[in-house]
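Below is one structure, written out as structure tokens; comments come after it.
Only the coordinates and a few stated rules stand behind these numbers; no lab work does. What you see is a predicted model; the values in this text were computed from it and never measured. Here the Cβ is made from the backbone with ideal geometry for all residues, glycine too, and neighbour counts use every protein chain on show.
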Amino acid sequence: MADVPKDSPLRAVQIEALVVMKIIKNSAQFFPTIATGSLVGMEVNGVLQITNSFPFPSVDIPAADGHQDTASNLAAGAPRAKSNATYQNEMIKFLREVNVDANNVGWYTSTSMGNFVNVNMIENQHFYQKELNERTVALVHDVSRSSQGSLSLRAFRLSPSFMAAYKEGKFTTESLQKSGLRYQDILIELPVTVHNSHLATSLLHQLPSDAPKEELPFPPNLATLQQDPNTPQPPLYPNFDSLDLSIDPFLEKTCDLLLESIENHHTELNNHQYYQRSLGREQAKITAWQQKRKAENAARAAAKQPLLPEDEWQRLFKLPTEPSRLDVLLNSRQVEQYARQVDGFTASVSSKMFAVKSNLLPGE
């Protein structure tokens, strides 16, 4: 098999089931505070294989007045903290001594209701991905969504265009128009697959059935086990929750967060409009000053007097600094995330409503 060049992009992420359970346990333990940790593994032919993980040390701050927000901010910035970088290097050294994959391949973070597109997430991933050809990802585990029985584990990388803009540090209107960077171009999502060992797969196949009384022959490989018609299949248990017509309990909360993000977006737009008005006033003052200075120089030239400098306005007037458009980009991406969640929540409810429409509206 031909080796994939080092500069080839990642195509997918494969994570061991044990790592998934570690991330779920750590995230649930510190919920609602953010939990973060390091990922180790290796890249094989464009697939990032995550084989182990360990959490970063927790922040011991009492949740008193205002301290909960401080703890959350410190936890969110833990992956790029100097103390945790030293801790991560020590842990990787210990893993190497016991012959475990000791290559850092990224970090993970917990979230709630899909609220993860923020400055901390971007700075953390940039910290891991800033080196050339660095193969690292950010795993995002949504605790709230996973608590409903559907595992929410997603992998993201920063796009090359956003990395170039972030390295330059200019997120002005002019630079964004020149580069063509949009909020959709901030993150690249990679498909995630969960990998189980053969022993774990055999155990999962045997869980729904009763324990056998006699000794069973050991299958020679996994394909034989999957093709065996005698392998017990999990029965279809009755599920009355699928008939429930109530709105998803997360839909209302997600809509509230969506409205809050839209309000933040309007606030940022108002700030930029205020900057444009301030810039217009200053430019009008500069134009008036330049016209006045030209008239004075014309009069002094007629009187054969030395002319006054016409570039003195740069010292007399100070143009306002344009606010960064990075917050607008991140907030727009977060609005899109909430909108996708609302669409996912309402899909099942809408199908149920159409199914029982004749009973709800008997007159039609």
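Things to note:
- Considering only Cα atoms, the convex hull volume of region 12-199 works out to 146 Å³ per residue.
- Residue pairs, from the table Lys22/Lys130; Lys170/Lys253; Lys167/Lys318; Lys170/Lys318; Lys82/Lys170; Lys178/Lys294, whose Cα atoms sit over 29 Å apart: Lys170/Lys253; Lys178/Lys294
- Value of D in µm² per second that Stokes-Einstein yields for region 105-182, Kirkwood Rh from Cα pairs, at 4 °C (1.567 mPa s): 93 µm²/s
- Phi angles of region 36-50 translate, via the Karplus equation with coefficients 6.51, -1.76, 1.60 and θ = phi - 60°, into HN-Hα couplings of 10, x, 9, 10, 10, x, 7, 9, 10, 6, x, 10, 8, 9, 9 Hz per residue; Gly and Pro are given as x.
- Counted over region 12-199, the DSSP beta bridges are approximately 60% antiparallel.
- Taking Lys and Arg as +1 and Asp and Glu as -1, the other residues whose beta-carbon sits under 13 Å from that of Ala12 total +2.
- For Ala35, the residues 5 or more places off, or on other chains, whose built amide H falls under 5 Å of its own are Ser110.
- All Cα-Cα distances of region 243-360, cut into 5 Å bins from zero to the largest, leave 2, 9, 12, 10, 9, 8, 8, 6, 6, 5, 5, 4, 4, 3, 3, 2, 2, 1, 1, 0 percent in each bin in turn.
- Simple point charges give the picture: +1 on the Cβ of Lys and Arg, -1 on the Cβ of Asp and Glu, and for region 12-199 a dipole about the Cα centre of about 200 debye.
- Estimated distance in nm for a label pair at Glu134 and Ile188, the labels positioned 7 Å out from Cα along Cα-to-Cβ: 1.5 nm
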